[in-house]
1. With charges set only on the Cβ (+1 for Lys and Arg, -1 for Asp and Glu), what does the dipole of the range 253-402 come to about its Cα centre, in debye to the nearest 20?
2. Grab the beta carbon distance between residue 431 and residue 160, set R0 = 51 Å, and tell me the FRET efficiency rounded to 0.05.
3. Can you give the extra length, in nm with one decimal, that the chain gains between residue 11 and residue 473 once fully stretched, where that is 0.36 nm per residue apart less the Cα-Cα distance?
4. Measure out, as a whole number of angstrom, how far apart the alpha-carbon centroids of the range 293-316 and the range 100-176 sit.
5. 7 Å from Cα along Cα→Cβ at both residue 3 and residue 267: what's the point-to-point distance in nm?
6. Can you tell which of 360, 101, 263 lies farthest toward the positive end of the dipole of the chain, using +1 and -1 charges on the Cβ of basic and acidic side chains (Lys, Arg; Asp, Glu)?
7. Need one number: nm distance between label points at residue 133 and residue 88, each 7 Å from Cα along Cα→Cβ, rounded to one decimal.
8. For the peptides 138-151, 244-257, 101-114, what is the packing order when you average, over each peptide's residues, the other Cβ atoms within 10 Å and list the highest mean first?
Amino acid sequence: MASFPFILQAHQGNHQVELVYNGQQLEFDGLNLDGGHRIIKTTEILNIDIEHENSLVIAVASAKNGPTKESVLERLVFQVRDKANAVQWQSNVLSHVYKDIKRGRHFKVLVNPFGGQGHAKKLWETIAEPIFTAAGCTYDLTYTTHRYHAKEIAKDLNIRLYDAVVSVSGDGVLHEVVNGLMERPDAIAAHKLPIGAIPGGSGNALSYSLLGEDHGGHVTNAVLGIIKGRAMPVDLCSVTQGQNRYFSFVLQSFGLVADVDLGTEDMRWMGEARFTVAAVGKLLSQQTYPCELSYIPVETNVDKIRAEYNYRRQQSVVWADQTHDELDQSHPTIVDRFGGVNSQLNKSDGWVTDSEDVITAVGAKLPWISKGMLLNPAATPNDGLIDLIVFPKGTGRINGIQVMLGTETGEHIYHDKVRYMKVKAFRLTPKNASGFISMDGEHTPYSPYQVEAHSGLISVLSIEGRYARSMRE
Ligand code: ADP
Ligand code: MG
């Protein structure tokens, strides 16, 4: 490969322009704009085309910083004299921009027109779709028309046709996709189909966890991650409840967090703020929830959990194995090592049981559970463990509000009333008659459930290969 910088002489009308690509950014000198100079980051370059013999067209998506949902999609057009030279320059730059990532991916896209405040369709049409098209990507689109529609689609999808399945909604649609893939006879192969998340719901935990607090709500950043990301292995939790078994990739919540998530449908108009407003109300009312909680602890010391988190971040990123050659058509057996909710707890597995009432008990695989809610800061994509957080009863309103405020930055886990641990599995048995249990933000019956993590069962498109930093060093 040629060495940096890659330089091309071009012009815009009467202006001579030098295009210099140095590996990190593309600089234009002599451009027909204020100052005659402009810089575009590698991540923002979508495509470079040569049209009509001598037009060089660079498609650029500038992701703005901050929570804005806007994008600036531009086509920068230059004229070139020496076409062969331009073709060489185009090839050099694009092969650096995309490296080993396939250009012009083909996606299955699911848009939930009722996701969030009903903005998902508009976000798709005005921001996401034009960026995909400008990057030379193609897609097959379905607007979901009912609950479980996304699951039905995932169950029947011809997985070989697509590079990923992408949802424009919240976590609920992805929860259905994951469960649809897992119910297929070829689930072992199907789970390798990467997932992409475009934030268009009111709970966009995956997007916030991938991109962080500032960028998680930003459609452009999410789309860039889907166009240029690699498949990152992500753990999936198997949940047994009654006679059912299903899968969860965000959280399994009981008590306050479940009430706030599911008992606030009438506050949907508030958007993401509804979770915070409802949580404060619940904490002030000091409502507690009787239950029995059993778990298999791996680490219960928060400082050790943080040390392990930081150690993991220093290790090199491991990408998912995307080979499809050993397609297993037989029904997969992903066996729960610790039995199901209806089996006896096996003492030799190291189960611990607490019978204390709680304000909330939440198992999770993602650090952010929504905007401003960094509930499980130590959660990582693939440590094979569940982050279990318990806020016991009897802590008082002041502690409650302190803990609540701490969830914005993840510092609440150091509060002496909070129990935060890494576990292999847990079982929660509600002791009262009715209430809410949330699995990835979806309703589930108010009955005992057991959760166990399975390593790297699905894959998610990501540029970084890990979640945004969610714990201090
Ligand atoms: P939000 O974050 O806004 O809750 P989700 O992606 O979690 O968005 O989706 C919420 C629910 O909407 C899911 O249970 C999904 O099955 C359901 N759903 C999807 N499409 C439709 C539709 N057309 N009408 C009603 N519900 C739908
Ligand atoms: Mg939801």
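The numbers here are math on the coordinates, done by the rules we state, and not lab data. Everything numeric here is computed off the predicted structure, so don't read it as measured data. Reconstructed Cβ throughout: ideal geometry from the backbone, glycine too, with neighbour counts over all protein chains shown.
1. 640 debye
2. 0.60
3. Taking 0.36 nm per residue and subtracting the Cα distance, the gain is 161.5 nm.
4. When both Cα centres are located, 34 Å separates them.
5. For residue 3 paired with residue 267, the spin-label model returns 6.1 nm.
6. 360
7. In this crude label model, residue 133 to residue 88 measures out at 3.5 nm.
8. 244-257, 101-114, 138-151
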